[in-house]
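> Take this structure first; my questions come after.
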Amino acid sequence: MRWVALALFVAAGCAKAPAPRYRDSLATVVTHPTGKNGYEDFVRAAKLTNSPAFRRRLQLCATTTGPQANTLRRALVSDYGAVFKDIQDGLSKPVMYTIAKPTAMTLFPELSEFKAIAKLMIVKAEVEFAEGQQDAAASTLAQVLDFARVVRPTNGVVHYLVAISMESLGCSAVANHLGELSVRGAKSLEAAADRSLHESGLQSVIETEFTMLDRSLAAIADRMRGFTPQDRARSTEEEDLAAKSWGAGASSAQGGFSTVSRQKYREAADAAESLLSRPESEWSAAIGSSPTEYLDVNSAESMAIDKAGLSVPSAGGTVLVELKHRARMRILRLICRVIVYRGEHKKLPPALASVADGPTRFDPITGRDFRYEVFPDHFELYTGGTGVTGRIDLANRKVKVAIKAAQ
């Protein structure tokens with residue numbers, strides 16, 4: 001199975017024609033604002049964070065510990081208050097991608113900023129937790145999940161994977177503070193998990209990805225003519241900046257990428273869409289019995305696109321990402337219900353049946369209920385997964401929910 005890094009996929013896919021400077025290219029994302037599309041508000045927020053100074057301060061907040069940490073975080077949140085207003089405004093409107101006919105060579109400079117904004121929102125939540133505003137912090141983290149949810153289906157697979165990466169950041173932040181959540185805060189996050197579960201749109205994402213590839217065939221052919229080995233060795237500032245644009249979230253986005261021809265990509269897209277249309281309980285069996293059928297495509301024809309310097313995300317690989325995403329949202333929903341039960345009864349529920357009906361506590365990956373284990377000082381709620389997925393927790397680590405404070 002071939003797993004190709006997103007950064008490599010993108011760097012090769014930059015157009016040979018002179019490109020706008022990366023920092024100016026955000027202006028090309030929204031050329032005719034309507035005031036009715038939430039994506040426009042998100043891009044406006046992206047313009048506010050699109051500076052080296054912001055990135056340095058964000059990184060400093062992530063690496064500073066001790067008493068000074070919250071001072072730095074509070075100052076960053078205060079200075080970028082307009083960003084939060086833009087995100088709230090965007091979430092209150094329908095959200096649609098703003099470029100009518102994107103192609104496989106279209107740059108998405110806003111995506112790296114969207115991920116940075118998700119990190120900024122998490123910084124805001126950390127400040128709120130530190131200052132005893134648990135309900136406000138939970139609401140902010142719910143907004144992170146909502147931000148990821150509405151970005152996820154707006155375009156092709158790259159948007160989807162960056163949004164999943166944003167969601168992963170939000171889930172990790174939630175996992176760090178589960179022991180501090182109030183009943184109200186837990187209900188806010190449960191509602192966000194519910195919204196995310198009911199608004200997937202992955203089938204349309206895969207179809208959009210194929211459409212972008214289809215629109216790009218002529219350009220791909222043009223690039224193949226006159227292609228030389230030296231072309232692949234060239235690296236310009238614009239290409240590097242564009243690669244950063246596409247590479248947003250590559251380190252934590254969980255997905256495989258492969259080069260494929262139009263025919264093979266169509267076959268992969270059809271296979272993935274067919275699997276997604278079947279009951280979710282069948283997904284893990286299909287992936288587990290034949291992972292290469294859904295996770296990657298290898299073909300001699302794929303070399304045509306590869307030689308043109310353009311790679312395309314594997315449609316089938318996103319099925320595994322979707323499987324893990326849904327598992328995490330179900331786990332978050334159940335953990336929140338356990339926290340609500342604990343707050344109302346001053347003890348943990350004896351079993352998941354005390355807080356959830358059969359369908360809600362059912363784990364489609366294993367065909368059994370999610371695992372709920374109580375220990376003297378914490379509880380764990382997760383799925384054992386399959387040989388392909390492994391154990392899945394709310395975050396990319398074993399999550400232990402502290403319970404001492406409630407007993």
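> Can you name the residue in the range 90-106 that is surrounded by fewer than 19 Cβ atoms within 10 Å (Cβ to Cβ) and more than 13 Å from residue 30 (Cβ to Cβ) and, of all such residues, is farthest from the chain's Cα centre (by Cα)?
101
> Please specify each residue of the range 357-381 satisfying the condition of being out of contact with any Lys or Arg (no Cβ under 7 Å at 6 or more places or on another chain) and over 21 Å from residue 198 (Cβ atoms).
366, 367, 368, 371, 372, 373, 374, 375, 376, 379
> Looking only at the range 203-215, which residues are closer than 18 Å to residue 275 by Cβ and touching a Lys or Arg at 6+ places or on another chain (Cβ under 8 Å)? It would help to see each step written out before you state the result.
Restricting attention to the range 203-215, the residues satisfying the condition of being closer than 18 Å to residue 275 by Cβ are 203-210.
Across the range 203-215, the qualifying residues are 205, 210.
> Same structure again: Give me a count of the residues in the range 138-153 that are in contact with a Ser or Thr (Cβ under 9 Å, 6 or more places away or on another chain) and either aliphatic (A, V, I, L, M) or surrounded by fewer than 24 Cβ atoms within 10 Å (Cβ to Cβ) (or both). Before the answer, list the steps.
Narrowing the range 138-153 to residues in contact with a Ser or Thr (Cβ under 9 Å, 6 or more places away or on another chain): 138-139, 141-142, 145-146, 148-149, 152-153.
If we keep only those that are either aliphatic (A, V, I, L, M) or surrounded by fewer than 24 Cβ atoms within 10 Å (Cβ to Cβ) (or both) too, we end up with 138-139, 141-142, 145-146, 148, 153.
Residues flagged as in contact with a Ser or Thr (Cβ under 9 Å, 6 or more places away or on another chain) and either aliphatic (A, V, I, L, M) or surrounded by fewer than 24 Cβ atoms within 10 Å (Cβ to Cβ) (or both) within the range 138-153 amount to 8.
> Step by step: first the residues of the range 346-368, then only those that are under 19 Å from residue 398 (Cβ atoms) and either of a type in the set (Val, Ile, Thr) or not in a helix (DSSP H, G or I) (or both), then the one that is modelled with the highest pLDDT. Which residue is that? Walk me through it before giving the result.
First, pick out the residues of the range 346-368 that are under 19 Å from residue 398 (Cβ atoms): 348, 352, 363, 365-366.
Restricting the remaining residues to those that are either of a type in the set (Val, Ile, Thr) or not in a helix (DSSP H, G or I) (or both) gives 348, 363, 365-366.
Numbers: 348: 95, 363: 92, 365: 86, 366: 87.
For the range 346-368, the residue satisfying everything is 348.
> For the list (1) touching a residue at least 40 places away in the same chain (Cβ under 8 Å); (2) in contact with a Pro (Cβ under 7 Å, 6 or more places away or on another chain); (3) part of a helix (DSSP H, G or I); (4) not small (Gly, Ala, Ser), I need the number of the one condition that residue 341 fails.
(1)
> Quick one: residue 74 ticks every box in (1) surrounded by 17 or more Cβ atoms within 10 Å (Cβ to Cβ); (2) more than 16 Å from residue 150 (Cα to Cα); (3) within 21 Å of the chain's Cα centre (by Cα); (4) basic (Lys, Arg) except a single one, so which number is it?
(3)
> Next up: Looking only at the range 189-208, which residues are over 27 Å from residue 102 (Cα atoms), buried (at least 20 other Cβ atoms within 10 Å of the Cβ) and among the small types (Gly, Ala, Ser)?
Those that are over 27 Å from residue 102 (Cα atoms), buried (at least 20 other Cβ atoms within 10 Å of the Cβ) and among the small types (Gly, Ala, Ser): 192, 193.
> Conditions first: (1) touching a Phe, Trp or Tyr at 6+ places or on another chain (Cβ under 8 Å); (2) at pLDDT 80 or above; (3) of a type outside the set (Val, Ile, Thr). Residue 326 passes all but one, so which condition is the exception?
Only one criterion in (1) touching a Phe, Trp or Tyr at 6+ places or on another chain (Cβ under 8 Å); (2) at pLDDT 80 or above; (3) of a type outside the set (Val, Ile, Thr) is unmet by residue 326, namely (1).
> Looking only at helices (runs of 4 or more DSSP H) that lie completely in the range 29-99, which have at least 1 residues being of a type in the set (Val, Ile, Thr) and without any contact (Cβ under 8 Å) to a residue 12 or more places away in the chain? First the steps, then the outcome.
Values: elements: 38-49, 52-63, 67-79, 81-91.
Per the criteria, 52-63, 67-79.
> Given the criteria at positive phi and not basic (Lys, Arg), does residue 387 qualify?
Values: at positive phi: no; not basic (Lys, Arg): yes.
No.
> Restricted to the range 161-188, and to residues that are part of a helix (DSSP H, G or I) and hydroxyl-bearing (Ser, Thr, Tyr), which residue is surrounded by the most Cβ atoms within 10 Å (Cβ to Cβ)? If you could, list the steps in order and put the result at the bottom.
We begin by selecting, within the range 161-188, every residue part of a helix (DSSP H, G or I); these are 161-176, 178-180, 183-188.
With hydroxyl-bearing (Ser, Thr, Tyr) added as a condition, the list becomes 165, 168, 172, 188.
Details: 165: 25, 168: 22, 172: 16, 188: 21.
If we take residues in the range 161-188 being part of a helix (DSSP H, G or I) and hydroxyl-bearing (Ser, Thr, Tyr), then 165 is surrounded by the most Cβ atoms within 10 Å (Cβ to Cβ).
> Then there's this: Quick check on the range 338-374: of everything there that is crowded, with 18+ Cβ neighbours inside 10 Å and of a type in the set (D, E, K, R), which residue is nearest to the chain's Cα centre (by Cα)?
363
> Right, another one. Which of (1) crowded, with 20+ Cβ neighbours inside 10 Å; (2) at pLDDT 90 or above; (3) out of contact with any Phe, Trp or Tyr (no Cβ under 6 Å at 6 or more places or on another chain); (4) not acidic (Asp, Glu) is the odd one out, the single condition residue 305 does not satisfy?
Against the list (1) crowded, with 20+ Cβ neighbours inside 10 Å; (2) at pLDDT 90 or above; (3) out of contact with any Phe, Trp or Tyr (no Cβ under 6 Å at 6 or more places or on another chain); (4) not acidic (Asp, Glu), residue 305 comes up short only on (2).
The values are calculated or read from the model by the stated rules, or taken from the named source; none is laboratory data. The structure presented is a predicted model; accordingly, all values stated were derived computationally and were not measured. Every residue, glycine as well, gets a Cβ built from its backbone with ideal geometry; the counts of neighbours run over all protein chains shown.
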